[in-house]
Amino acid sequence: MTMTDTLIAAGALNVSPAASPAASVMWLVIAVPLASAAVLLLAGRRSDKWGHILGVAAPTVSFLIAAWGLFDLLSRPANDRIQDFDLAWWLTNGIDLDFGLRVDQLSLTFVLLVTFVGTLIHVYSVAYMGHDPDRRRFFAYLNFFVAAMLLLVLANSYLVLFVGWEGVGLASYLLIGFWNQRIEYAVAAKKAFIANRIGDVGLLLAMMIMFSEFGTLRFGDVFAAIAGVASWDPGHATVICTSIGLALLLAACGKSAQFPLQSWLGDAMAGPTPVSALIHAATMVTAGVYLVVRSGPIFEQTPVARLVVLIVGAVTLLFGAIVGCAKDDMKKALAASTMSQIGYMMLAAGLGPVGAIFAIMHLVTHGFFKAGLFLGAGSVMHAMKDQVDMRRFGRLDKFMRLTWLTFMMGWLAILGVPPFAGFFSKDKIIEQAFVPPPDALWQAWVFGAVALLGAGLTAFYMSRLFFMVFHGQARWTDDQHPHESPPLMTGPMIVLAVGSVSLGLILTLAGFDDYLAPALVQAHHGEPVLNAYLIMALTFVLVLAGAGIAWLKFGRASAVVPELPPAADGLVRAARADLYQDEFNHYALVVPGQTLVAVTTKTDDAVVDGAVRGLAWVFQGLGGLLARIQTGFVRSYAAAMLAGAILLMAIVLAVWI
């Protein structure tokens, strides 16, 4: 008897009759890395010699189970691929809150991405963290991170999703601040944690509204209830969905570093580079996109919330691209690119069901080339004594051929150069952005232009990064001796480079849109306001222009790159300062918050505590008056008793007569 059979017999696991054998064991995908994290943390230093092996084995096992789940899913009819099953129940006063999982095309896509890319990052970490005395604890945190993300994407309700959501937030805090002996790293972890807590308020509000209106938090039940309300009271459904949609968007902005909660992402580079790769490629920042896409039936009922999603995606897309153009820190430039690329995905998710398909496709391809880019950056740091300033690199292609080649594949993929992966996903988003919704032609021109402009800016800042690191003139110091990284680091980079080259074409030929569509709202394809080939040509021209300008400024052998940032105009200075996002947050949030706290404190002291103190003074005064008649003389007490008796007799006689 298998472990799953034992749990079913004991009543601890309730699998619906429709659940396949592969789906019924999908809980192991979460349980294995979670158990591994627990073992590594509880074993302590005793697991130092073998902890990394267990840490790598856990996501590998999860990937194999997920791969079995994919083959099983593909063997089922398209209309029978959504499988919900319960693991446990949270019982309250007459209300059943079940803890279950959903296995469908969308969740399995994320599970495969998280486990496959996550496994490669774990392998890379064995060598990258080889000299860290706390490597075992690092792998425990990585395993916990993967487990939390898997719970998030496999949840069959917003309640279970919230558990994974909070787990991801905790894991990111632990990993960003892993080297917390440095104060700035601890501050960066705290900043990410607080920014995400602001977003969490949105998810909690959305769940409260859902439960208040529908009495359930299960995806299927919530979506069915919304459809039912929309059929008999469209106005009420729009109000509810707008409230829920905006609250969910706030949550997504916090987790995916979208405007206006994006300020934590650059500082999160304080963590070890494998953490950056995992956060940006396969886990944390993709969670917001998943939340919006999974909640598609809600956003379909609210044009207002969907428009706000579009605006947030467009603003963040340009925000990240502009910041990326001015960053000299290699990892922070990549962080800005993630912010921008997630902006593309959020923009696509706001375009409706068709856009949501391309958002997930770009998320998958981005997971490969962004993980490869971050691991490549880590390889450069490994060779250059943890240097991250691109102005101190140059000409590394001669000394790090594998890193240069694999990084190039990721660079060409993020630019969207055909036939690399990004071409098949990002260009589809740009094309879809030019498709106008009903009675809103302006949206096609505005958001289409933003998507085009973002492609040109992406080509410039990513080419600037590539050329400043690997080409131009050598600018490193005499004590730096660049060399290639060991096979445990270059191996995962090669695998990710292969994905950066071929994954987009593979997904397109395999019919990814047809595969994913049944798990989403029914899609209606529209025609763009410009010819699709013209959009493709304009995109390619802008990409060539951006890359060409970067080559002229930074890539040529004769190009001179100052070792210190030169004087610049206001926009460049603003981009170097992250467009003053921290200053904005300080004066828009921190200062008003401090003022509110000060006013509240004074009010509490003057009114609440004042009332208590005043009452105490009253009783103290009464006590003082009463104390004066306590003389200690018997004659005084006898006189008081006589006076009382006379007064009492007078009252009785007055009433009697």
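The values are calculated or read from the model by the stated rules, or taken from the named source; none is laboratory data. Here the structure is a predicted model, which means the values were calculated and not measured. Here the Cβ is made from the backbone with ideal geometry for all residues, glycine too, and neighbour counts use every protein chain on show. With ligands, DNA and RNA removed, areas are computed over all heavy atoms of the protein, side chains included. Shrake-Rupley method; radii C 1.70, N 1.55, O 1.52, S 1.80 Å.
The table for this structure:
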| read-out | value |
| --- | --- |
| Region 584-656 - percent of accessible surface contributed by carbon and sulfur, probe 1.4 Å | 77 percent |
| Over region 128-179, relative contact order from alpha-carbon pairs under 8 Å, at least 6 apart, % | 36 percent |
| Residue-by-residue Karplus 3J(HN,Hα) for region 242-256, coefficients 6.51, -1.76, 1.60, Hz, glycine and proline x | 5, 4, 5, x, 5, 5, 5, 5, 4, 4, 5, 5, x, 6, 9 |
| Additional length obtainable on full extension of the chain from Ala588 to Ser636, 0.36 nm per residue less Cα span | 10.3 nm |
| Residue-normalised accessible area of region 500-579, expressed per residue, 1.4 Å probe, Å² | 60 Å² |
| Cβ charges +1 (Lys, Arg) and -1 (Asp, Glu), total dipole of the chain, debye | 1620 debye |
| Whole-Hz ³J(HN,Hα) from phi, Karplus 6.51 cos²θ - 1.76 cosθ + 1.60, for region 451-468, glycine and proline x | 5, 5, 4, x, 5, x, 5, 4, 4, 5, 6, 6, 5, 4, 4, 4, 6, 5 |
| Solvent exposure, largest accessible area first (probe 1.4 Å, DNA, RNA and ligands not counted), of Phe460, Phe259 | Phe259, Phe460 |
| Contour minus Cα-Cα distance for His481 and Glu527 (0.36 nm per residue) | 11.1 nm |
| For the chain, diffusion coefficient by Stokes-Einstein and Kirkwood Rh (Cα), 10 °C, 1.306 mPa s, µm²/s | 59 µm²/s |
| Degrees between helix 421-433 axis and first principal axis of the chain (Cα, 0 to 90, nearest 10) | 60 degrees |
| HN-Hα J in Hz across region 341-358 - Karplus 6.51, -1.76, 1.60, θ = phi - 60°, x for Gly and Pro | 5, 5, x, 4, 5, 5, 4, 5, 4, x, 7, x, x, 5, x, 4, 4, 6 |
| Calculated FRET value between Ala227 and Ala650, using beta carbons and R₀ = 56 Å, to 0.05 | 0.10 |
| Angle in degrees between helix 158-176 and the longest Cα principal axis of the chain, rounded to the nearest 10 | 70 degrees |
| Apportionment of accessible area to carbon and sulfur, region 195-569, percent (1.4 Å) | 69 percent |
| Solvent-accessible heavy-atom area per residue, rounded to whole Å², over region 152-300 at 1.4 Å | 29 Å² |
| Theoretical FRET efficiency, 1/(1+(r/R0)^6), r = Cβ-Cβ of Val618 and Gln181, R0 51 Å, to 0.05 | 0.40 |
| FRET efficiency, Phe99 to Leu509 (Cβ-Cβ, R0 25 Å, nearest 0.05) | 0.05 |
| Acute angle (nearest 10 degrees) that the helix 27-43 long axis makes with the longest principal axis of the chain, alpha-carbon atoms | 70 degrees |
| Packing-based order for 237-245, 273-281, 286-294, using average beta carbon neighbours within 10 Å, highest first | 273-281, 286-294, 237-245 |
| Gained length - Phe211 relative to Ala577, 0.36 nm times residue gap less alpha-carbon distance | 127.5 nm |
| Length-normalised contact order for the chain - Cα pairs under 8 Å, 6+ apart - percent | 12 percent |
| Estimated distance in nm for a label pair at Asp389 and Thr601, the labels positioned 7 Å out from Cα along Cα-to-Cβ | 4.0 nm |
| Long-range amide H partners of Ala155 with built H, under 5 Å | Arg102 |
| Distant-in-sequence amide H partners of Phe99 (H built 1.01 Å from N, under 5 Å) | Leu87, Ala88, Trp89, Trp90 |
| Sequence ranges 507-516, 60-69, 226-235, ranked by mean other-Cβ count within 10 angstrom, highest first | 60-69, 507-516, 226-235 |
| Residue-normalised accessible area of region 325-449, expressed per residue, 1.4 Å probe, Å² | 25 Å² |
| Mean Cβ count within 10 Å, highest first, over the residues of peptides 570-576, 313-319, 137-143 | 137-143, 313-319, 570-576 |
